[in-house]
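Trainee: Would you mind keeping the following structure in view while I ask a few things?
Each reported figure results from applying straightforward, stated rules to the coordinates on display, with no laboratory input. All figures in this text were calculated on a predicted structure; none of them were measured in a lab. Here the Cβ positions follow ideal geometry from the backbone for every residue, glycine too, while neighbour counts run over all protein chains shown.
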């Protein structure tokens, strides 16, 4: 007897007479196998990965830009003034303060129902919001790593004829990267898990599809447990890749 036949046999038994394992099987079958619902979970999983990649790209670009500007302003030579850099630094400081000082849920609601109220692409709006949120935290992580290095490193690069961008890219950032990698990894893991929040504005990811299955089966346990397992596997995979990169960086330091 195949699994569908087993389900038909067990489901014909009155609910009050089902044993614990039979009830377990029926609920799991409805949450995973019935009508090919497992496909919906993987469709949501792919959407979650897509949202994470988009948000990650936005967050890294924003974070690097903000960190470099704020570091440049903080490490400017004494007595020198750059009004344009000061204004940009002030704007970025407000951005970081506001984003870090307000809940992610509220930011999603504002972006989804106020700023982009006319948009129907809720998934992209969610990814954009996550990216903007992540950029504030990434910028502080990178800025902390850049500020922790000896200023003489940057001065040495400038003495070799490199401009500020080249000095940062070839000398400062590679050294800071080893220091900030664990913190960046943790931030990316948080970003991955935060994708579950975009369902509050109608964004489609794995939680969105799990909620749709719950609405059809009237059983919440298995859809949400399956969703949690999917997130756990993704986080473990990312953590494993991060540990490999950290080991390689430590090995390169010993050479």
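Trainee: Once you have a ≥ b ≥ c as the square roots of the Cα gyration tensor eigenvalues for segment 40-254, tell me rounded if a/c is under 1.5, and otherwise prolate or oblate according to whether a/b is larger than b/c. All intermediate terms of the calculation are to be shown ahead of the outcome.
Mentor: Values: a/c = 3.42, a/b = 1.71, b/c = 2.00.
Judged from the Cα gyration tensor, segment 40-254 comes out oblate (a/c at least 1.5, b/c at or above a/b).
Trainee: Right, here's the next one. Quote to one decimal, in nm, the extra length available between residue 235 and residue 193 on full extension: 0.36 nm per residue of separation minus the C-alpha distance between them.
Mentor: Here the answer is 14.3 nm.
Trainee: Fewest first, what order do 139, 183, 196 take by the number of other Cβ atoms within 10 Å? It would help to have the intermediate numbers written out before the result.
Mentor: Numbers: 139 27, 183 16, 196 19.
By the 10 Å Cβ count, ascending, the order reads 183, 196, 139.
Trainee: Considering only 150, 194, 89, give the residue with the highest GNM mean-square fluctuation for the chain, with springs between Cα atoms whenever their separation is below 10 Å.
Mentor: Among 150, 194, 89, the largest mean-square fluctuation in the Gaussian network model of the chain belongs to 150.
Trainee: Can you give the calculated 222 nm mean residue ellipticity of the chain, where each DSSP H run of n ≥ 4 adds -39,500 (n - 2.57) and the sum is split over every residue, rounded to the nearest 500 deg cm²/dmol?
Mentor: Working: 11 runs with 190 residues, N = 255.
Computed ellipticity for the chain at 222 nm equals -25000 deg cm²/dmol.
Trainee: If I build a Gaussian network model for the chain, linking alpha-carbon pairs within less than 10 angstrom, which residue out of 219, 17, 155 has the largest mean-square fluctuation?
Mentor: Top of the fluctuation ranking is 17.
Trainee: Rounded to the nearest 10 degrees, what's the angle between the helix 122-148 long axis and the longest principal axis of the chain, both from Cα atoms, 0 to 90?
Mentor: Approximately 40 degrees, to the nearest 10.
Trainee: Any chance you could give the angle, 0 to 90 degrees and rounded to 10, that helix 173-194 forms with the longest Cα principal axis of the chain?
Mentor: Helix 173-194 sits at roughly 30 degrees to that axis.
Trainee: Work out how much length residue 95 to residue 34 would gain on full extension: take 0.36 nm times their residue separation and subtract the Cα-Cα distance, in nm to one decimal.
Mentor: Details: separation 61, 0.36 × 61 = 21.96 nm, distance 4.69 nm.
So the chain would gain 17.3 nm between residue 95 and residue 34.
Trainee: What is the helix-to-structure angle for 37-74, meaning the angle in degrees between its Cα long axis and the longest Cα principal axis of the chain, kept from 0 to 90 and rounded to the nearest 10?
Mentor: The helix 37-74 is inclined about 10 degrees to the chain.
Trainee: Using Cα springs under 10 Å in a Gaussian network model of the chain, which residue among 21, 32, 169 shows the largest mean-square fluctuation?
Mentor: 21
Trainee: FRET efficiency for residue 50 and residue 177, Cβ-Cβ distance as r, R0 = 25 Å, nearest 0.05? All intermediate terms of the calculation are to be shown ahead of the outcome.
Mentor: Working: r = 26 Å, r/R0 = 1.03.
Efficiency, from the Cβ-Cβ distance: 0.45.
Trainee: Tell me, in nm to one decimal, what length is gained between residue 120 and residue 65 on full extension, where the rule is 0.36 nm per residue of separation less the Cα-Cα distance? Please report the intermediate quantities before stating the final value.
Mentor: Numbers: separation 55, 0.36 × 55 = 19.80 nm, distance 2.96 nm.
Extra length available between residue 120 and residue 65 comes to 16.8 nm.
Trainee: For the pair residue 155/residue 11, report the inter-label distance in nm, with labels modelled 7 Å from Cα in the Cβ direction.
Mentor: 7.6
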